[in-house]
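Take a look at the structure below.
Just so it is clear, none of the values below were taken in a lab; they were calculated from the coordinates. Remember, it's a predicted structure, so these values are computed and weren't measured experimentally. A quick note on method: Cβ atoms are made from the backbone with ideal geometry, for glycine too, and the neighbour counts reach across all protein chains shown.
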Amino acid sequence: MSDKTVTRADLCEAVYERVGLSRTESADLVETVLSTIADAVVEEHLVKLSSFGSFIVRSKGERVGRNPKTGEEVPIAPRKVLVFKPSNVLKQAINDGSSD
């Protein structure tokens with residue numbers, strides 16, 4: 001597993017190198033795409049990116065959890081979680097690129 005983290009700066013640099021926009025325009029483009037995705041997810045829309053995957057907001061109900069140290073039961077409040085489901089194309093690319 002790689003220790004490399006891809007950052008916004010890395011994405012901006014990739015757009016700059018591949019598309020040919022200026023660095024400022026590349027940064028603006030990346031920010032616009034990420035904020036559009038974030039806004040859609042906050043509004044609980046399904047975000048599907050072809051050949052990449054889907055971002056889905058799921059609601060989790062209230063449940064009882066346990067403190068692992070003390071064993072005490074603790075109620076866990078209902079909440080919403082963001083789930084990413086990779087596409088079959090992305091899964092295949094990951095599996096073809098692995099060195100198992």
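How would you rank 73-82, 28-37, 43-52, highest first, on the average number of other Cβ atoms within 10 Å across their residues?
The peptides rank, most packed first, as 28-37, 43-52, 73-82.
Taking H placed 1.01 Å from N in the peptide plane, check which residues at least 5 places from residue 47 or on another chain put their amide H under 5 Å from its amide H.
So residue 47 has HN proximity to 55.
At 222 nm, what value in deg cm²/dmol follows for the chain if DSSP H runs of at least 4 each add -39500 (n - 2.57) and the sum is divided by all its residues, to the nearest 500?
That calculation yields -13500 deg cm²/dmol at 222 nm.
Going by alpha carbons, how many degrees (0 to 90, nearest 10) lie between the helix axis of 8-19 and the longest principal axis of the chain?
30 degrees
Give me the count of lysine pairs in the chain whose alpha carbons sit under 19 angstrom apart, restricted to pairs 8 or more positions apart or on different chains.
Lysine pairs meeting both conditions in the chain amount to 5.
Quick one, which of (i) 13.3, 42; (ii) 19.0, 58; (iii) 14.4, 42 is the actual Rg and Dmax of the Cα atoms in Å calculated for this model?
Recomputing Rg and Dmax of the Cα atoms in Å here gives the entry labelled (ii).
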